[in-house]
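First comes the structure, then the notes that go with it.
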Amino acid sequence: MGKKRQSKKHVSSEKIVSNNIDKNWIYDNETQKFSHPVYPNKSFQPLCKNRIIEDKRTFKDKYGKKHTKINKKMVSEMFPCVSPEEDNRNMGFTIGTSHSAYTFEIVPNKMQSFWDTRRGKRYISYIAYRKRRDANRKSWVEETSVEVTN
């Protein structure tokens, strides 16, 4: 008796233009390229960021037994690939390096502000905490100085 072979089922795929890009980018399905009114007579290749979405469904058969079915779908989120040398308005995206040889990141050409990063947001909350602490200290010093003088 030999081994039972399992065949891989096809995972359906879907291509979606990302919501994180400028709304004026136009994706042409025939040529499979991006274009923008700011860059006339130019078309740009898409960069795809792939992820698998699992959908679990539970159903009962005619005997009342519960079954779960897992549907997997590959979703490719597309971004326009524009080299930073050609991108005067910083509206495109490029491939960034990551710490792994097998993965990559899609990075916008636009410079990211320090205050929009995670560290910047934490620093803003720290500054607000320091202001509250100083205000509390000032009110406490005023209360204790009034009590001492009386």
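The values are calculated or read from the model by the stated rules, or taken from the named source; none is laboratory data. Just so it is clear, the structure is predicted and the values come from calculations on it, not from any experiment. Positions of Cβ are generated from backbone atoms using ideal geometry, with glycine treated the same way; all protein chains shown enter the neighbour counts.
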(message) Any residue that is under 27 Å from Lys15 (Cα atoms), modelled with pLDDT under 95, surrounded by 10 or more Cβ atoms within 10 Å (Cβ to Cβ) and of a type in the set (Phe, Trp, Tyr) - is there at least one of those in the range 112-126?
(response) no
(request) Output the residue which, of all residues in the range 46-71 that are in contact (Cβ under 8 Å) with a residue 24 or more places away in the chain and surrounded by fewer than 12 Cβ atoms within 10 Å (Cβ to Cβ), is farthest from Tyr27 (Cα to Cα). (result) Ile52
(request) Could you please let me know if Val82 is hydrophobic (A, V, I, L, M, F, W, C) and assigned by TED's automatic domain parsing to the domain that holds Lys49? (result) yes
(request) Could you pull out the residue among Ser83, Ser139, Ser100 that is part of a loop (DSSP other than H, G, I, E, B) and surrounded by 10 or more Cβ atoms within 10 Å (Cβ to Cβ)? (result) Ser83
(request) Test Ser76 against the stated conditions and say whether it is at negative phi and at pLDDT 90 or above. (result) yes
(request) Please tell me if Arg132 is among the basic types (Lys, Arg) and in a helix (DSSP H, G or I). (result) yes
